[in-house]
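Visitor: There's a structure below that I have some questions on.
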Amino acid sequence: MSSDVILRTERLGKRFRRRWAVRALNLEVPRGEVFGFLGPNGAGKSTTIRMLLSLVKPSEGRIELFGKELYSHRKDVLSRVGGLVESADFYQYLTARKNLDMIASLGGGLTRRAIDEVLNLVGLFPRAEDKVKTYSHGMKQRLGIAQALLGNPELIILDEPTTGLDPQGIKEVRELIRRLSKERAITVFLSSHLLSEIEQTATSMAIINMGELVVQGKVGALLNTGENVVKIDARPLEEARLLISKQQYVKGIKQINNTLEVNMPLDHAGELNTMLVRAGLEVYSLIPRRSLEDYFLSITDGSTDIR
């Protein structure tokens, strides 16, 4: 296993009776990155994560963590991994600090200073002595991430950490994940069904659908895959079509009802808008559409869970 790959699966699969929840899954997670694990609900993300954390035994294949086979070195490798599967679950009538202290005691215990450091990292130190029942859903999710950080893991695995959060809560968790990667050099394996979250947070990603890998690679490279489309609503429509068709960077144009869909590099969108306005046309909208988003929709049968 290469030293820059912290997690690898080889033909990993899990079957429940006759149904394969995950099949022949080959993943490589680079060290130090935020790795987005993307797919619609029911794609097999949670089952994969449970196998990575040794909560579910695979039906086939193998898992390597830190260059070692998981089940042959289970105690050693999992001591270097933290995890949050779906939503955090705590004793509601105990304080945040007491909850973390009890959890830490299962692994031999941590000093008060170490627990305070984790609480401070997730922004909960000022509320450390408050009972968890007084916490918002977003605060509980951050406490769940704090739990995953106990013991200074090198890798944390987060399963849908923004589920059920309001926009502010999503923003807080997103910023926290970025800090963990940049400031603490922690590798983050981030599962989500939201394309927008992965795009804004992850550096590498993999897409699965119906339990099988579709594609994986650097986020930037995947977002620039294939042709890009700019959807334009301008009047007069025919005049706009004629002007757009004359631009050298335009690879194709077609009319869909009263709008134009133009195949072109997205970095020319502003230039095109300026040209149309200067020509005296009324531009009601000019919307870049990523080809990867269309690709996601096509491979997931138009699932609205990818957005």
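Read-outs throughout are calculated quantities, based only on the coordinates presented, and are distinct from any laboratory measurement. All of these numbers come straight from a predicted model, not from anything done at the bench. Quick reminder, even Gly has a Cβ in these numbers, built from the backbone with ideal geometry, and neighbours come from all protein chains shown.
Visitor: Using a 10 Å cut-off around each Cβ, can you sort PHE37, PHE125 from fewest to most neighbouring Cβ atoms?
Guide: Ranking PHE37, PHE125 by Cβ neighbours within 10 Å, fewest first, gives PHE125, PHE37.
Visitor: Further question on the same structure: For the chain, take the alpha-carbon Rg, divide it by the Kirkwood Rh, and send me Rg/Rh.
Guide: 1.07
Visitor: Could you work out which residue, out of PHE90, PHE66, PHE16, moves most in a Gaussian network model of the chain, that is, has the largest mean-square fluctuation with Cα springs under 10 Å?
Guide: Evaluated over the chain, the most mobile residue of the options is PHE16.
Visitor: Whole-Hz Karplus ³J(HN,Hα) for the stretch 6-13, in order, using 6.51 cos²θ - 1.76 cosθ + 1.60 and θ = phi - 60°, x for Gly and Pro?
Guide: With coefficients 6.51, -1.76 and 1.60, one gets 8, 9, 9, 10, 10, 6, 6, x Hz.
Visitor: Right, something else. In which sequence would LEU124, LEU65 go, from the one with the fewest C-beta neighbours within 10 Å to the one with the most?
Guide: Ranking LEU124, LEU65 by Cβ neighbours within 10 Å, fewest first, gives LEU124, LEU65.
Visitor: State the extension gain, in nm to one decimal, for the chain segment bounded by ASP130 and LYS57, taking 0.36 nm per residue of separation less the distance between their alpha-carbons.
Guide: 22.5 nm
Visitor: Here is a follow-up. Could you work out how much longer the chain between ALA279 and GLU212 gets when fully extended? Use 0.36 nm per residue separation minus the Cα distance between them, nm to one decimal.
Guide: 19.2 nm is the gain from fully extending ALA279 to GLU212.
Visitor: P(r) for the stretch 16-124: what percent of alpha-carbon pairs falls in each 5 Å bin, starting at zero?
Guide: Per 5 Å bin, starting at 0, the Cα pair percentages come out as 2, 9, 16, 19, 17, 16, 12, 7, 2, 0.
Visitor: To make sure I understand, if each residue's beta carbon is the centre and we count other beta carbons within 10 Å, what order do HIS193, HIS137 fall in, fewest to most?
Guide: HIS137, HIS193
Visitor: For ASP233 and SER105 in the same chain, what is the full-extension length gain: residue separation times 0.36 nm, less their Cα-Cα distance, in nm?
Guide: Once the chain is fully extended between ASP233 and SER105, it gains 40.0 nm.
Visitor: Next question. Let's see if you can work this out: charge +1 on each Lys and Arg Cβ, -1 on each Asp and Glu Cβ, no other charges. What is the dipole magnitude of the chain about its Cα centre, in debye to the nearest 20?
Guide: With only Lys, Arg, Asp and Glu charged at Cβ, the dipole is about 880 debye.
Visitor: Moving on. Over the stretch 229-289, what per residue volume does the convex hull of the Cα atoms give, in whole Å³?
Guide: It is 68 Å³ per residue.
Visitor: Continuing with this model, one more query. Rounded to the nearest Å, what's the spacing between the alpha carbon centres of the stretch 15-36 and the stretch 126-140? Just the number, please.
Guide: 33 Å
Visitor: At 222 nm, what value in deg cm²/dmol follows for the chain if DSSP H runs of at least 4 each add -39500 (n - 2.57) and the sum is divided by all its residues, to the nearest 500?
Guide: So the helix-based figure for the chain works out to -9500 deg cm²/dmol.
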